[in-house]
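The structure appears right after this line, and notes come after that.
The values are calculated or read from the model by the stated rules, or taken from the named source; none is laboratory data. Everything numeric here is computed off the predicted structure, so don't read it as measured data. No Cβ is skipped: glycine too gets one built from the backbone with ideal geometry, and neighbour counts run over all protein chains shown. Note: areas computed on protein heavy atoms with side chains; ligands, DNA, RNA excluded. Shrake-Rupley method; radii C 1.70, N 1.55, O 1.52, S 1.80 Å.
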Amino acid sequence: MTKSLTQPAATGSDQATGLGLRHRPRRLRRSPAIRSLVRETRLSADMFIYPLFVCSGEGQRREVPSMPGVYQLSVDEAVREAAAAKADGVPGVLLFGLPDDKDAVGSAAADPDAPVQAAVRALEREVPGLLVVTDVCLCEYTSHGHCGVLAGEDIVNDATVELLARAALSHAVAGADIVAPSDMMDGRVGRIRDALDDGGWSQTGIMSYAAKYCSAFYGPFRDAAGSTPAFGDRRTHQMDPGNVEEALREVSLDIEEGADIVMVKPAMTYLDVIARVKAEFGLPTAAYHVSGEYAMLKAAAQRGWIDEPRAMMETLTAIKRAGADIIISYYAREAARAL
């Protein structure tokens with residue numbers, strides 16, 4: 001008996017179905033080797049930066065309750081963690097400081113013996129070749145938890161910028177490769193650039209938090225950094241979540257003022273902004289996969305609701321696919337090992 005041309009072959013092949021298809025996209029999905037061969041977006045460990053929270057003391061390694069796997073680290077422990085990250089293939093770290101003492105103007109931010117400055121010197125000495133980036137903001141250092149000098153309940157922009165420039169210069173003197181102002185004050189990139197150049201640190205780069213949104217996803221970070229505002233919020237300086245054209249203006253201004261790298265924060269809920277920024281300016285573009293985004297994946301994984309390794313890689317791939325050249329993530333070490 002002659003087999004009908006419309007009957008699928010017994011072997012499972014579609015060769016004899018008679019659909020007349022010339023283009024079968026599934027041909028390029030048949031095996032891991034083929035899928036890898038044609039993959040359009042590729043992650044690599046050398047695009048990650050690993051955030052670290054540095055405190056004073058010795059032998060301190062305190063896990064942040066809302067961020068499983070993330071710790072407040074004394075300088076010696078930060079050095080060990082950074083060295084391990086570098087061994088995993090992560091090229092750089094981003095340092096945040098937890099000072100012993102806080103005051104109304106965040107004086108400890110520029111203290112040469114504060115945890116960040118001490119950690120920079122230790123990392124430069126003990127982990128050669130590691131890229132050291134430092135966060136520049138006052139929120140971790142002020143007694144009120146806001147990002148600048150207050151007049152009543154208002155942040156005074158220009159006076160804050162002067163203090164930020166002083167802090168950034170202290171990081172450069174300690175040996176930071178890149179300073180990263182995260183405060184969102186107007187004009188701070190230009191003032192920091194001037195302070196660095198005038199102080200003889202023209203080779204120190206600036207990675208600007210250029211489009212930093214007033215997001216609900218920063219809560220766990222504030223637990224880690226001790227930077228929850230004592231009152232109010234940060235809507236007067238961080239961006240409104242509904243705005244993207246404003247983000248492009250902010251990025252443009254920071255580039256004019258001397259930013260070497262621009263950043264969008266958060267990453268996952270602002271993939272469209274990352275794409276617009278990269279397409280519009282072409283400058284090296286960073287994206288911060290923030291604490292709340294990390295904590296959500298961790299919480300869901302702990303409850304067995306998601307496959308964490310797959311969700312992690314899918315999330316980071318989406319950020320890369322949107323246009324990010326650099327991804328700052330608490331998953332940096334885990335992702336680097338997976339890659």
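Got at least one residue in the stretch 198-205 being under 21 Å from V105 (Cβ atoms) and either over 19 Å from the mean Cα position of the chain (by Cα) or of a type in the set (A, V, I, L, M, F, W, C) (or both)? It would help to see each step written out before you state the result.
Taking the stretch 198-205 first, the residues under 21 Å from V105 (Cβ atoms) are 199.
In the following step, the residues that additionally are either over 19 Å from the mean Cα position of the chain (by Cα) or of a type in the set (A, V, I, L, M, F, W, C) (or both) were identified as 199.
Yes: the stretch 198-205 contains one or more residues that are under 21 Å from V105 (Cβ atoms) and either over 19 Å from the mean Cα position of the chain (by Cα) or of a type in the set (A, V, I, L, M, F, W, C) (or both).
With a cut-off of at least 1 residues that are open to solvent by less than 10 Å² (accessible area, probe 1.4 Å), name the strands (runs of 3 or more DSSP E) lying wholly within the stretch 51-142.
Working: elements: 61-63, 71-74, 92-98, 131-136.
Correct list: 71-74, 92-98, 131-136.
Can you give me the number of residues within the stretch 37-50 that are part of a loop (DSSP other than H, G, I, E, B) and not hydroxyl-bearing (S, T, Y)? If you could, list the steps in order and put the result at the bottom.
Taking the stretch 37-50 first, the residues part of a loop (DSSP other than H, G, I, E, B) are 38-44.
With not hydroxyl-bearing (S, T, Y) added as a condition, the list becomes 38-40, 42-43.
Counting residues in the stretch 37-50 that are part of a loop (DSSP other than H, G, I, E, B) and not hydroxyl-bearing (S, T, Y) gives 5.
Does K320 fit the bill of being farther than 22 Å from M185 by Cβ, in contact with a Gly (Cβ under 7 Å, 6 or more places away or on another chain), part of a helix (DSSP H, G or I) and not aromatic (F, W, Y)? Give the steps one after another, and end with the answer.
Values: farther than 22 Å from M185 by Cβ: yes; in contact with a Gly (Cβ under 7 Å, 6 or more places away or on another chain): no; part of a helix (DSSP H, G or I): yes; not aromatic (F, W, Y): yes.
For K320, the condition - farther than 22 Å from M185 by Cβ, in contact with a Gly (Cβ under 7 Å, 6 or more places away or on another chain), part of a helix (DSSP H, G or I) and not aromatic (F, W, Y) - is not met.
Select from the stretch 169-196 the residues that are of a type in the set (V, I, T) and within 23 Å of I328 (Cα to Cα) and write down the one among them that is most open to solvent (accessible area, probe 1.4 Å).
Going through the stretch 169-196, the residues of a type in the set (V, I, T) turn out to be 173, 178-179, 189, 192.
Filter once more, so that each one left must be within 23 Å of I328 (Cα to Cα): 178-179, 189, 192.
Working: I178: 25, V179: 0, V189: 0, I192: 1 Å².
Looking at the filtered set, the residue picked out is I178.
If you take the residues of the stretch 210-227 that are of a type outside the set (G, A, S) and touching a helix residue (DSSP H, G or I) at 6+ places or on another chain (Cβ under 9 Å), which of them is most open to solvent (accessible area, probe 1.4 Å)? Outline the logic, then answer.
Start the filter on the stretch 210-227 by keeping residues that are of a type outside the set (G, A, S), which leaves 212-214, 217-218, 220-223.
Add one more test, that the residue is touching a helix residue (DSSP H, G or I) at 6+ places or on another chain (Cβ under 9 Å), and what stays is 212-213, 217-218, 220-223.
On the way: K212: 17, Y213: 0, F217: 57, Y218: 11, P220: 22, F221: 24, R222: 50, D223: 90 Å².
That would be D223.
Consider the stretch 238-262. How many of its residues are over 20 Å from G148 (Cβ atoms), open to solvent by less than 50 Å² (accessible area, probe 1.4 Å) and either of a type in the set (F, W, Y) or assigned to a loop (DSSP other than H, G, I, E, B) (or both)?
2
What is the number of the single condition among (1) at negative phi; (2) open to solvent by 30 Å² or more (accessible area, probe 1.4 Å) that K265 does not meet?
(2)
Can you tell me which residues in the stretch 268-313 are acidic (D, E) and either open to solvent by less than 20 Å² (accessible area, probe 1.4 Å) or part of a strand (DSSP E or B) (or both)? Give the derivation first.
In the first step, residues of the stretch 268-313 are kept if they are acidic (D, E); the result is 272, 280, 293, 307-308.
The answer is E293, and nothing else.
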